[in-house]
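A.B. asks: Here it is, the structure in full.
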Amino acid sequence: MKLPRLHTVVLSRDSNQPTNATFEALRSLLRAHSGQLRCVSLGVDKTLFPVLSGCSEDLHRLEVPAVKRAGMAAVLQRLRGLKELRIYVGTNSYRTDSKLTDFIEFLDSWRRGFQLERLELRMADDETLGALAPDHLAGLRHLDLGLYGVDSRSYRYDPEDLPPSLSALKDLHLPRLRSLVLRYAGLRSIRSFRDISAANIPALELVVVVFTDYPAGIVGEVKMFEELVRRAPMASLHVNMRMAKWSDEVVRICRHPGGANECGLCAEAEALLLADGMSDAIEVEHVEVL
């Protein structure tokens, strides 16, 4: 049976281990809708990874857990048309045993023909972020990082205390990057913006930060982002800071006044802020940069 309007498949399982017959049925479903499916999501369930062999190479978006034993790199390298990828890094032993071989192998494959435009990492720790070399990021238009454990130390500002992967943000040349999202961040995660070169972010239009919990004080960070907006090559740059993952309070920093003049970037930021489902509305404190 073929469903002519089917464009997204989201898979999950109950407590039972899938059988070979289940895997083959799911692969048949994916093959039957080859060419029309835009998104396949396995969520955090690594046991379902074998069904991906049924995906066509022109799949647009994929959401998967990081899986070593199933050969993540080999499977994903076949999906040459993939534009958007979400990887749940912290759902298995990657985070605890530091074995990032398959993940890094897949990242390296981008240099050999991949045209990925959006990368989303969930529960990414410092070691995972450190594996992202400039060549992995150079072609991205959207980078969405769900952070894990990189802000566990003091919130005091000390450049030497920043994790290497975050402090290195200021040195990366990201010529196509249009939006950058840091979810579940602490103050340490965003202070790398203090020294970022405008020449390294020529296309950046949107920065979204979601703090894990209310920071002790963000006056300095607001001023830091005001300066970033002033010196950014794109005059349209918007910075949005959500005060906590469960809060509806958002500070928005951009060049236009609030209210009637809100634009498409404001709407895009709101969609990103509401995507995690923590709340169904936000209240914006607008900071106009003159």
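The values are calculated or read from the model by the stated rules, or taken from the named source; none is laboratory data. Keep in mind that this is a model prediction, so the values were computed, not measured. All Cβ positions, even for glycine, are placed from backbone atoms using ideal geometry, and neighbour counts span all protein chains on display.
A.B. asks: State yes or no: is Arg80 more than 18 Å from the chain's Cα centre (by Cα), at pLDDT below 90, closer than 17 Å to Glu117 by Cα and surrounded by fewer than 16 Cβ atoms within 10 Å (Cβ to Cβ)? First the steps, then the outcome.
C.D. replies: Numbers: more than 18 Å from the chain's Cα centre (by Cα): yes; at pLDDT below 90: yes; closer than 17 Å to Glu117 by Cα: yes; surrounded by fewer than 16 Cβ atoms within 10 Å (Cβ to Cβ): yes.
Yes; evaluated as a whole, the condition is true for this residue.
A.B. asks: If a residue must be without any contact (Cβ under 8 Å) to a residue 40 or more places away in the chain and either part of a loop (DSSP other than H, G, I, E, B) or of a type in the set (Gly, Ala, Ser) (or both), how many such residues does segment 204-227 contain? Show your work before the answer.
C.D. replies: We begin by selecting, within segment 204-227, every residue without any contact (Cβ under 8 Å) to a residue 40 or more places away in the chain; these are 204, 207, 209, 211, 213-214, 217-219, 221, 223-225, 227.
Now drop any that are not either part of a loop (DSSP other than H, G, I, E, B) or of a type in the set (Gly, Ala, Ser) (or both), which leaves 204, 213-214, 217-218.
The qualifying residues number 5.
A.B. asks: Among the residues in segment 240-251, are any under 24 Å from Asp171 (Cα atoms) and assigned to a strand (DSSP E or B)?
C.D. replies: The first filter runs over segment 240-251 and keeps only residues under 24 Å from Asp171 (Cα atoms), leaving 240-241.
Now narrow it down to the ones that are assigned to a strand (DSSP E or B): 240-241.
Within segment 240-251, one or more residues are under 24 Å from Asp171 (Cα atoms) and assigned to a strand (DSSP E or B).
A.B. asks: While we're here: May I ask you to list pairs of residues, at least six apart or on different chains, whose Cβ atoms are under 6 Å apart, with the first in segment 2-24 being under 17 Å from Asp45 (Cβ atoms) and the second being surrounded by 13 or more Cβ atoms within 10 Å (Cβ to Cβ) and hydroxyl-bearing (Ser, Thr, Tyr)?
C.D. replies: Hits for this filter: Val10/Ser41.
A.B. asks: Please find, among Gly139, Gly90, Gly130, the residue that is at pLDDT 80 or above, of a type in the set (Gly, Ala, Ser) and within 19 Å of the chain's Cα centre (by Cα). First the steps, then the outcome.
C.D. replies: Values: Gly90 fails: at pLDDT 80 or above; Gly130 fails: at pLDDT 80 or above.
Result of the check over Gly139, Gly90, Gly130: Gly139.
A.B. asks: The conditions are (1) in contact with a Gly (Cβ under 9 Å, 6 or more places away or on another chain); (2) surrounded by fewer than 16 Cβ atoms within 10 Å (Cβ to Cβ); (3) closer than 24 Å to Leu172 by Cβ, and Phe211 fails exactly one of them. Which is it?
C.D. replies: With (1) in contact with a Gly (Cβ under 9 Å, 6 or more places away or on another chain); (2) surrounded by fewer than 16 Cβ atoms within 10 Å (Cβ to Cβ); (3) closer than 24 Å to Leu172 by Cβ applied to Phe211, the lone miss is (2).
A.B. asks: Could you list, in sequence order, all residues of segment 211-224 that are in contact with a helix residue (DSSP H, G or I) (Cβ under 7 Å, 6 or more places away or on another chain) and either at pLDDT 80 or above or over 20 Å from Gly146 (Cβ atoms) (or both)? Let's see the steps before the verdict.
C.D. replies: Within segment 211-224, the first condition is being in contact with a helix residue (DSSP H, G or I) (Cβ under 7 Å, 6 or more places away or on another chain), and the residues that meet it are 215, 221, 224.
Residues satisfying the conditions are Glu221, Met224.
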